[in-house]
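The values are calculated or read from the model by the stated rules, or taken from the named source; none is laboratory data. In this text, all values refer to a predicted model and were calculated from it rather than measured experimentally. Note that each Cβ is placed from the backbone with ideal geometry, even for glycine, and that neighbours are counted across all protein chains shown. When the accessible area is computed, the model is the full protein with side chains, heavy atoms only, and any ligands, DNA or RNA have been set aside. Shrake-Rupley method; radii C 1.70, N 1.55, O 1.52, S 1.80 Å.
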Amino acid sequence: MQFYHPANSGPDLKDPMANGENKGFSAFRTPIVLLLLSLSLIAGAWCWLGTPVTLEVAPIDVTRKVDCVSYAPFREGQTPWNSQIVISEAQIAEDLAQLAGISKCVRIYSLENGLDKVPELAAKVGLKVILGVWIGRNPLKNAALIDDAVLLVKQHPGVITSVIIGSEVLLRGEMTLAALRETIRAAKPRFDVPISYAEVQDIWLRDREIANDIDFVTVHVLPYWEDEPVRAEDAAAHVDDIRKEMARAFPGKEILIGEAGWPSRGRMRDHALPSRINQARFFSELLTMARQEGFRVNLFEAYDEPWKRQWEGTVGAHWGLLDGVGRQLKYATGAAVSNFPFWKLQMGAGLVLSLALFAAALLTRRGGRSAAGFVSWLAVATCATSGGILVGLAAEKALDESYGFDGWLLQGLLLAAGVVLPLFCANAVMAGRPQPAFAELFGPRDGRTRSRLSLIFGLMSTVAILVAAETALGLVFDPRSRDFPFASLTMFVVPILIVARLNPRRRDTSRVAEGVFACLFVGSALYIFFNEGVRNWQSLWTSATFLLLGISLSPPRALLVVSAIADAVLPRLFGRQEGEVQPVAVESLPQPTSKLGAATSFVVASSRMERDK
């Protein structure tokens, strides 16, 4: 077995097409069989991915409304951080009329940006309101907002059922415990409805004295954001466990689950996976549990909020029961839930890409530039199948995970590389053309490649490598809100690795730049692996992709070392007989005379496969 072999080492395996022994249909037997296999695998994968799940209890049932849901009116281009934005009454009224069909109540967090109109508009559609007062560092602003809340409660009796003064103020560090308690104690006598404060469990258990100043305890529980994230399958039970712990900590106080939700899109944290099915399952199980055990829960949240992408990444913008753009329920009543509602379209795109790759390979062969063997066609089939399965997922992730000009640019370049590079790699594999080195693209003029196809291939590979490097560094230095673009990365890394394996570059080509990038990708892969943990499959996949990209860029000597290790280890792993691999030559470099030489010396081992006679 030989993991690495030099260029122009002869046909991979005997095949009729390589030697022109057969004509007609038989000459195309291998690519046709592999094409059909590729198309079958793509179709099978997407049929599996698109399979819907039917829950025992629908997450949203219009015949049985939820108790309450968090509401923020901000749509695309609107943000609460811009105090000058005032949401129109018509926009708020449209939302509340829709929410009245699924909920009895809405919780709002602030009175700014036009939200002071919510109680009036909610009354018209029969909704109750949990009024929020967003207090912070500015005592004068806090006092003004509390004055506004007092006035609204008096103006809308029976509509505003309670007031929550402050939300996670201590968690954000915007007020001291003493200042918060003083603010709440001063405001409470002015209201004739129950008063509360909202905070996460750890802060409540640390600063329990706050409970003496309020009428009921409001706790936020978002299992995805826990310091030790909880699986979606266990998330509803986790919320109930925290409720019971809070009830033991604050006997005699009602416990309101003020926030409980699960994201439908975004990156994994440990083994917590955002998805449509997981979100629907969480809401279904939690609401069933609340009805059975008789506790109040406010779902987080009504609509997806696109503005949160800037601060929390993709996952922050996808917590809603309803889509933030189309303003439609994500889960129709009684309908099964699928993670990929447009899976047939995504499958179709994959089938087209697979056909395109085989067509590019066939055109190269018919142009007289190929003596293709079975391994070459197998390489094309591998690129076609991996790209065909992943292109629909990559396109969906690009649409969901792009924010701002730079986000759209990076995601667009990754997706473009994942679609176009496999086509050039199929051509390169069939033509026996190596991927040009950086020195052949940007080095001295007399050493540059003169092939137009090689030049385009090299430039596109360079762009893909630079975008991958930016992605890797982002996951190392700012990982919290970064998504794992494993689909797009895999689509172009696999073809690049195959070309590097089958058509290695000349030994005399400078590979300094490739070595630098190889170290970057390998180092990033190791850091991401240890930083994210072994239960995050998105992280593991992305790390493996960076590692393979680093290997494909490594200088030939590194590949020869890997080849020697593979020749020694793999036969034992797969139970090969010792006689099947016969060492025929071992070449050792002279003993180095310096520490640098000792660090870079290596032994090249070559072996040959022999069949038992």
Determine the distance separating the Cα centre of the stretch 198-276 from the Cα centre of the stretch 107-151; give it in Å without decimals. 24
Among Gln411, Ala395, Gly373, whose Cα lies farthest out toward the positive end of the dipole of the stretch 363-466, if unit charges sit on the beta carbon of Lys, Arg (+1) and Asp, Glu (-1)? Gly373
The relative contact order of the stretch 125-277, taking Cα pairs under 8 Å that sit 6 or more residues apart, comes to a percentage of 18
Part-to-part distance (alpha-carbon centres) for the stretch 377-410 and the stretch 415-482, which is given in Å: 16
Kindly write out, for the stretch 128-142 in residue order, the coupling ³J(HN,Hα) from the Karplus curve 6.51 cos²θ - 1.76 cosθ + 1.60 (θ = phi - 60°), rounded to whole Hz, with x marking Gly and Pro. 8, 9, 9, 8, x, 10, 8, 9, x, 6, 8, x, 5, 5, 4
Cα convex hull of the stretch 25-158 - mean projected area over all directions, nm²: 15.1
What number, in percent, do you get for the relative contact order of the stretch 480-554 if the mean sequence gap of Cα pairs under 8 Å and at least 6 apart is divided by its residue count? 48
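When you have a sec, figure out the Kirkwood radius of the stretch 183-224 from all distinct Cα pair distances and drop it here in Å to one decimal?
Result for the stretch 183-224, one decimal place: 11.2 Å.
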Of all accessible surface on the stretch 30-158 at a 1.4 Å probe, what whole percent is carbon and sulfur? 60
Which shape class applies to the stretch 315-446: rounded if a/c is under 1.5, otherwise prolate when a/b exceeds b/c and oblate if not, where a ≥ b ≥ c are the square roots of the Cα gyration tensor eigenvalues? oblate
Principal axis dimensions, largest first and in whole angstrom, of the stretch 223-355 by Cα: 67, 33, 25
Using the Kirkwood radius over Cα pairs, work out the Stokes-Einstein diffusion coefficient for the stretch 41-112 at 20 °C and 1.002 mPa s, in µm²/s as a whole number. 137
Share of alpha-carbon pairs per 10 Å distance bin for the stretch 81-120, given as whole %: 27, 56, 16, 1
Using 18 Å as the Cα-Cα cut-off, could you pick out the over-long pairs in Lys117/Lys330; Lys154/Lys253; Lys65/Lys104; Lys104/Lys244; Lys117/Lys154; Lys128/Lys308? Lys117/Lys330; Lys154/Lys253; Lys104/Lys244; Lys128/Lys308
Mind jotting down the three principal axis lengths of the stretch 126-243 based on Cα atoms? Whole angstrom, largest first. 44, 37, 22
Go through the stretch 75-167 and name the trypsin sites (Lys or Arg not before Pro) that are in a DSSP coil and have 16 or fewer other Cβ atoms within 10 Å of their Cβ. Lys104, Arg137
Where does the Debye-calculated log10 I(q)/I(0) of the stretch 420-498 sit at q = 0.12, 0.13, 0.14 Å⁻¹, using only Cα point scatterers of equal weight, no solvent? -0.41, -0.47, -0.53
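Placing +1 at every Lys and Arg Cβ and -1 at every Asp and Glu Cβ, with all other atoms neutral, what dipole size does the stretch 68-196 have around its Cα centre, in debye to the nearest 20?
Once rounded to the nearest 20, the dipole reads 400 debye.
Quick one: putting +1 on the C-beta of Lys and Arg, -1 on the C-beta of Asp and Glu, what dipole do you get for the stretch 292-436 around its Cα centre, in Debye to the nearest 20? Write down the numbers at each step before the final one.
Details: 11 positive and 10 negative charges, 167 e Å.
In debye, rounded to 20, the stretch 292-436 gives about 800.
State, as an integer percentage, the relative contact order of the stretch 191-333 based on alpha-carbon contacts under 8 Å between residues 6 or more apart. All intermediate terms of the calculation are to be shown ahead of the outcome.
Details: 247 pairs, mean separation 28.1, N = 143.
Averaging sequence separation for qualifying contacts and normalising by length gives 20 percent for the stretch 191-333.
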